[in-house]
Amino acid sequence: MNRDVGKAIHHYDMISDGDRILVGVSGGKDSLTLLSILNERLSRIPITYKLFPVYIEPGFPDSFADALYDYLRVKNFDLRVEKTDYGIVAHSETNLENPCFLCARLRRKRIFEIADELGCSKIAFGHHKDDIIETFFLNLCYAGNISTMRPLQSFFKGKISIIRPLAYVEEDKIKRFAKKKQFPEFINSCPYGKISKRQEIKEWLDLMYKSNKKIRGNIFRSLKNVNPDYLL
């Protein structure tokens, strides 16, 4: 796990000395793993940086925001909880076509605003190798384009960059890490949480991986090995 994270950070030059990094925390195993590893690295690397965990509360009933705040406070993190109604708005009757897209867009916009407010030049998300592969197929099948999330992506003429230090880490490793660290389970109350198109893609890919263990690695490598001469 640490080797994969270090490799991704080094390969894409994600973090520099003195960086102020906003860490997007969702309460899931991925973002808690990211926050934990970025914090642990500080004790064994020659540079320093500051972490600012932020949770965008979408406004659904049964929010776990307080429980997440209390858990991270015990771990010596000062979580900023931003209460919004983005989830409610995105899933209202006026927006039935693509609620997940609108909710994500609103949350991402607010994250950028908070990063600017905090003076953070980096925003770290807990997307891992399987997320990147799934996003490729989501865009291919449902958006009609060939693209995915990048491990490092700059915005606003380089003023803020999104980094994904878990880009080389498979989800199974994160599950084992989360179990070892005994992360609590915060239940996602989003009504689309378990019936999304991403979940359909994930289940389809899992079947492929079970048939041939090399498929995951081959797909991921192909995202760096594009031959435009053989595309329309």
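Values in this text are rule-based calculations from the coordinates and carry no lab data. Keep in mind it's a predicted model, so treat the numbers as computed, not measured. Glycine gets a Cβ as well: all are built from the backbone with ideal geometry, and neighbour counts include every protein chain shown.
Observations
- Between segment 140-168 and segment 97-137, the Cα center-to-center distance that results, in Å: 9
- Labels on offer are (1) 46, 42, 35; (2) 51, 49, 40; (3) 62, 37, 30, and the one holding Cα extents along the principal axes in Å computed from this structure is (2).
- Across segment 54-70, computed HN-Hα scalar couplings (Karplus, 6.51 cos²θ - 1.76 cosθ + 1.60, θ = phi - 60°) run 9, 10, 8, 7, x, x, 6, x, 6, 5, 9, 4, 5, 5, 5, 4, 5 Hz from first to last residue, x flagging Gly and Pro.
- Taking other C-beta atoms within 10 Å as the exposure proxy, S16, S189 rank S16, S189 from fewest upward.
- If you plug the beta carbon distance of N227 and R20 into 1/(1 + (r/R0)^6) with R0 = 45 Å, you get a FRET efficiency near 0.70.
- Fewest-first ordering of H10, H128 by other beta carbons within 10 Å of each residue's beta carbon gives H10, H128.
- Gain on full stretching of the segment that runs from K180 to Y142 - 0.36 nm per residue minus C-alpha separation: 10.1 nm
- Here segment 101-217 is treated with +1 on each Lys and Arg Cβ and -1 on each Asp and Glu Cβ, and its dipole about the Cα centre works out to around 240 debye.
- Estimated dipole of the chain in Debye, rounded to 20 [Cβ of Lys and Arg +1, of Asp and Glu -1, Cα centre]: 900
- Only beta bridges with both residues in the chain are counted; by DSSP, about 20 percent of them are antiparallel.
- Neighbour-count order for D172, D30, D62, fewest beta carbons within 10 angstrom listed first: D62, D172, D30
- With 0.36 nm allotted per residue and the present C-alpha distance subtracted, the E40-D85 stretch has 12.9 nm of extension available.
- Label zone at D13, where the point sits 7 Å out along the Cα-to-Cβ direction: segment 24-39 residues whose backbone N lies under 12 Å: none
- Projected label points at N188 and R3, each 7 Å from Cα along the beta carbon direction, are separated by 3.0 nanometres.
- Relative contact order, percent, segment 1-75 [alpha-carbon distance under 8 Å, six or more residues apart]: 32
- Gyration tensor verdict on segment 46-86 (Cα atoms; rounded if a/c is under 1.5, prolate if a/b is larger than b/c, oblate otherwise): oblate
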